[in-house]
1. Counting just the residues of region 19-51 that are in a helix (DSSP H, G or I) and among the small types (Gly, Ala, Ser), which one comes out farthest from residue 103 (Cα to Cα)?
2. Check residue 181 against each of (1) touching a Leu at 6+ places or on another chain (Cβ under 6 Å); (2) crowded, with 19+ Cβ neighbours inside 10 Å and name the one condition it does not meet.
3. From the residues in region 143-178 that are surrounded by 15 or more Cβ atoms within 10 Å (Cβ to Cβ) and of a type in the set (Ser, Thr, Tyr), which one is nearest to residue 197 (Cα to Cα)?
4. Residues 103, 167: which one is in contact with an Asp or Glu (Cβ under 8 Å, 6 or more places away or on another chain) and over 16 Å from residue 37 (Cα atoms)?
5. Looking at region 88-118, which of the residues that are of a type in the set (Ser, Thr, Tyr), modelled with pLDDT under 95 and more than 12 Å from residue 22 (Cβ to Cβ) is least open to solvent (accessible area, probe 1.4 Å)?
6. What about residue 74, is it outside any strand (DSSP E or B), on the phi > 0 side of the Ramachandran plot and exposed (fewer than 14 other Cβ atoms within 10 Å of the Cβ)?
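The values are calculated or read from the model by the stated rules, or taken from the named source; none is laboratory data. Remember, predicted model here, so these are calculated numbers, not experimental data. When we count neighbours, we look across all protein chains shown, and the Cβ atoms used for this are built from the backbone with ideal geometry, even at glycine. Keep in mind that these areas ignore ligands, DNA and RNA; they rest on the heavy atoms of the full protein, side chains included. Shrake-Rupley method; radii C 1.70, N 1.55, O 1.52, S 1.80 Å.
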Amino acid sequence: MSDHVLCLGEAMVLVTPPPGERLATAREAAIRVAGAEATVARYLADLGHRVSWASRVGDDPLGARVLTEVARPGVDVRLVQRDPSAPTGVYFKDPAPEGTSVHYYRSGSAASRMTPDYLDRLPLGTARLVHVSGITPALSASCAETTAALLARARAASVPCSFDVNHRPALWSARQAAKPLLELARQADMVFVGLDEAQTVWGTPSPDDVRDLLGGRSEIVVKDADVGATLFEPDTPAGTFVPARQVEVVEPVGAGDAFAAGYLSARLRGAAPAERLRLGHRAAAFALGSVADHADATALRPAAGAAR
């Protein structure tokens, strides 16, 4: 098995007005690229890992931009399909004093047309790890089938699968998401979930409750925002808790994906549980200090010869 990591999921073009302005009145806007699994891939590349991002984009200028931006840190995007008959997804941020709202235009996107047949092109047999999130099954019925099939194929190939719950209320309600997200999480080898989303989707008020709900087979990381994160390893009753780093928050978007990448990077290198959580917090700090989903985290990369 190689050291190759495979991340699957949609990336979109993000449009956001300048700081302090609203979409309804702004005369200019910045264009960026964002997407949970692609962001994890970019951070893993920053940290020195060989990583591929698998998805579909439109055969349009926005799709070309997505591929260029995701590839910039060193992510391999050759597995991505370009669809001439469906667009690349777009979403808009609308900052406001009471909080930032997000408006998605991704219905019918190229990525939402993924089917299990797409998995035939993925080199699962040579992957060391597969990562996917709960966003993908919310995109369409065929994406839900693809996500479940990916977990099944990874298990059949003895490839560990990482699953970030990543509930998005704009895509499906907590009531709609609860059962499918639980089923997918129980199939994964590693699960990332925010305590707030676990409370919303599953009604689990504590990390211990999350562990009990998911069962003891998976490696479970429960993140509690600026408090810290708790790791439960299989068949281990007590969790490992590491407090979060105290940082000035510029924008929280992307921090969960950065945390997952930091944790997975440390795990791939054989680090102890507490060190995995610490690197997750350190990577998240880069995202928290940036308005972009991905902030350059190459400063966290181990010295030459240490990466695997």
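1. Residue satisfying both the conditions and the ranking: 45.
2. Among (1) touching a Leu at 6+ places or on another chain (Cβ under 6 Å); (2) crowded, with 19+ Cβ neighbours inside 10 Å, the lone unmet condition for residue 181 is (1).
3. In this case the residue turns out to be 162.
4. 103
5. Applying the filter and picking the extreme gives 91.
6. Criteria not met by residue 74.
Let's see how each residue does on (1) crowded, with 17+ Cβ neighbours inside 10 Å; (2) closer than 20 Å to residue 191 by Cα:
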{"site": "6", "(1), (2)": "yes, yes"}
{"site": "13", "(1), (2)": "yes, no"}
{"site": "19", "(1), (2)": "no, no"}
{"site": "22", "(1), (2)": "no, no"}
{"site": "31", "(1), (2)": "no, no"}
{"site": "35", "(1), (2)": "yes, yes"}
{"site": "41", "(1), (2)": "yes, yes"}
{"site": "45", "(1), (2)": "yes, no"}
{"site": "69", "(1), (2)": "yes, no"}
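To keep it simple, each residue is scored yes or no on (1) open to solvent by 20 Å² or more (accessible area, probe 1.4 Å); (2) under 27 Å from residue 203 (Cα atoms); (3) modelled with pLDDT under 90.
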position	(1), (2), (3)
243	yes, yes, no
250	yes, no, yes
267	yes, no, no
272	yes, no, no
280	no, yes, no
291	yes, no, yes
294	yes, no, yes
301	yes, no, yes
305	yes, no, yes
